[in-house]
Amino acid sequence: AYSWSSPSLPSVLSGAVRIRYRMCQYLPVNRPMNDQNPGSIHAGAAAAEQATPSPSSLVIRRPDDWHVHLRDGDELRLVADYTARQFARAIIMPNLSPPVTTIAAARSYRERILAAVAPNRRFTPLMTAYLTDEISADEIAGGFEEGVFAACKLYPANVTTNSAAGVTDVARIHGVLERMQRVGMPLLVHGEVVDSDVDIFDREAVFIDRVLSPMMRDFPDLKIVLDHITTEQAVQFVSDAGPNLAATITAHHLEINRNAMLVGGIRPHLFCLPVVKRERHRLALRRAAVSGNPKFFLGTDTAPHAIETKETACGCAGIFSAPVALESYVRTFAEEGALDRFQAFASESGPRFYELPLNEERVRLARREQQVPAVVASGPLRIVPFHAGESMQWTLEEQAPES
Ligand code: NCD
Ligand code: ZN
């Protein structure tokens, strides 16, 4: 009942990134989403915002990011500080190549992350273990008890970037899940099946029925975060479940639907997994995010890829949102007239789920325009950020003067 793929299926993703044809160069990649652009999705929400009073700034506890890809090497050195300047803590995804599966690997990755952020930052990377069919329960639980691992990440094998070593069937990690349940270690889930007969737009909803529900019945006390939810089915399922299930929501799934990615030309920098869905789903996610329900909290899923691996015949999935993450989220809350609930979503519900202290430091988000760079670069490495080339109505000021 747990199987999410026929084991004989070849990986859809592995090898794909090696294809480097330079296609689609004629497309205006950085075209802003506005009323002249068929990808526009903001008109209604912007009208709603004008009806409510608009404060010129918002001071909140420093937020945490509960889902981040920082990569390694040159990429890590380029991207890490964008996350560290916005967030106090971040859950670091372990899908490196090779993946982070041991306490020793997590310790040394954490050191490389700390070396990559600006020296004055007070930033805490929270490390995760990448579950494989063979991973040992002792390594996982030992790492949790030593304070090295904050959680485990479950990637169904071949579901996304660097997931080939992921779990082929939940039945194979029953012992590990039992142990995690016993020691109170959270499980973070990429909730999509990979069956070739399931449409990519349905993979999250099918995962909930076929994998997540039975898993929750078998492990009722296991704390689970359904990562980067994208559908109204996920919103409903998480809302109806008990307190052991929570979900992260990305900034981009609150802002864009599949039209934004596909109408008027394909925009590879808006392609991510789980893929953006219909407008109906985006609206359900927005209602969940601003509802004040503590089961929904911030996780950017910032996932940088070099420009040539995105703008190609078979492009990688992932949106690099770290440079404008809070600016992007706060826009949604302002548009929904819910700025008073932004702190709960960004800074309180996550730590409460993880049973960690709230951050005492404050940040200020000012309603001040900023221009987002078209590209973030270091030497030959170039990455296109979310909202590249657009102007944003909000700007993060790093330290609130009175705090
Ligand atoms: C992520 C990546 O590139 O590592 N990509 C993405 O589209 N979100 C992996 C993931 O979280 O699925
Ligand atoms: Zn991710």
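Results, tabulated for the structure shown:
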quantity	calculated
Of residues in the stretch 301-319 being surrounded by fewer than 24 Cβ atoms within 10 Å (Cβ to Cβ) and within 17 Å of T250 (Cα to Cα), the one nearest to ligand 2 (Cβ to nearest atom)	G318
Residue among A284, A289 that is more than 10 Å from ligand 1 (Cβ to nearest atom), part of a helix (DSSP H, G or I) and touching a strand residue (DSSP E or B) at 6+ places or on another chain (Cβ under 9 Å)	A289
From V330, V363, residue being among the β-branched types (V, I, T) and over 28 Å from T160 (Cβ atoms)	V363
Contacts under 6 angstrom Cβ, first residue in the stretch 362-377 being farther than 13 Å from W394 by Cβ, partner surrounded by 14 or more Cβ atoms within 10 Å (Cβ to Cβ) and among the β-branched types (V, I, T), 6 or more apart	R362/V59; V375/V384; V376/I383
Selected residue [of a type in the set (G, A, S) and surrounded by fewer than 17 Cβ atoms within 10 Å (Cβ to Cβ)] from G166, G147, G143	G147
Total residues in the stretch 56-72, condition away from ligand 2 (no atom under 16 Å from the Cβ), among the hydrophobic types (A, V, I, L, M, F, W, C) and touching a helix residue (DSSP H, G or I) at 6+ places or on another chain (Cβ under 6 Å)	2
Selection status of D74, in contact with a strand residue (DSSP E or B) (Cβ under 8 Å, 6 or more places away or on another chain) and under 23 Å from F345 (Cα atoms)	no
Enumeration of residues in the stretch 267-281 that are surrounded by 16 or more Cβ atoms within 10 Å (Cβ to Cβ) and either more than 16 Å from ligand 2 (Cβ to nearest atom) or assigned to a helix (DSSP H, G or I) (or both)	R267, P268, H269, L270, K277, H281
Within the stretch 301-403, helices (runs of 4 or more DSSP H) holding 3 or more residues that are of a type in the set (S, T, Y)	325-335
Members of the stretch 72-93 found to be surrounded by fewer than 24 Cβ atoms within 10 Å (Cβ to Cβ) and either at positive phi or assigned to a loop (DSSP other than H, G, I, E, B) (or both), listed by number	D72, G73, R85, A88
Failed condition for V148, given (1) within 16 Å of ligand 1 (Cβ to nearest atom); (2) modelled with pLDDT of 95 or more	(1)
So F333, is it touching a residue at least 12 places away in the same chain (Cβ under 8 Å), of a type in the set (F, W, Y) and under 30 Å from V159 (Cα atoms)	no
Filtered residue count, the stretch 108-136, keeping only those that are surrounded by fewer than 17 Cβ atoms within 10 Å (Cβ to Cβ) and either closer than 24 Å to V167 by Cα or not charged (D, E, K, R) (or both)	9
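Quick grid of which residues meet (1) under 14 Å from the mean Cα position of the chain (by Cα); (2) on the phi > 0 side of the Ramachandran plot; (3) in contact (Cβ under 8 Å) with a residue 60 or more places away in the chain:
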position	(1), (2), (3)
V198	no, no, no
V206	no, no, no
M215	no, no, yes
Q236	no, no, no
T248	yes, no, yes
H253	yes, no, no
N259	no, no, yes
L283	no, no, no
N293	no, no, no
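The values are calculated or read from the model by the stated rules, or taken from the named source; none is laboratory data. Since this is a predicted model, take the numbers as computed values, not measurements. Don't worry about glycine lacking a Cβ; one is built from the backbone with ideal geometry, like all the others, and counts go over all protein chains shown.
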